[in-house]
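The values are calculated or read from the model by the stated rules, or taken from the named source; none is laboratory data. None of these values were measured; they are calculated from a predicted model. Don't worry about glycine lacking a Cβ; one is built from the backbone with ideal geometry, like all the others, and counts go over all protein chains shown.
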């Protein structure tokens with residue numbers, strides 16, 4: 001129930017922000033951090049309570065892990081706050097997030113993982129993570145310039 005409410009508020013938060021043009025640099029920074037903390041906490045809880053393997057856990061969280069470490073790289077190695085606060089999500093990242101939410105909902109409802117959602121979630125997360133790595137190595141990570 002709590003996860004369902006969290007998923008709904010996540011959707012409405014983004015929708016209301018776009019509809020009414022409510023945005024700020026701080027919100028642009030905090031929203032993806034909150035998303036990742038939510039996904040990590042729920043998926044780690046499911047990992048400890050289910051038959052999810054460690055490699056599945058790593059692959060499901062591939063994009064989130066890459067984005068997290070990419071953000072740290074931008075902050076502490078490049079020291080480029082302009083880029084850091086100019087975060088723009090990629091479409092593959094959004095698809096990966098939706099699939100992660102469906103995977104979580106599927107597990108919470110059925111108490112098992114169905115391959116029809118587990119494998120697409122892993123595939124899209126890995127491809128999305130590779131997309132972010134490509135942008136990072138092109139020195140174009142999160143740039144909207």
- request: Tally the residues that are modelled with pLDDT under 85 and surrounded by 13 or more Cβ atoms within 10 Å (Cβ to Cβ), restricting the search to the stretch 51-60.
  value: 1
- prompt: When you go through (1) surrounded by 12 or more Cβ atoms within 10 Å (Cβ to Cβ); (2) in a helix (DSSP H, G or I) one by one for residue 18, which number turns out not to apply?
  reply: (1)
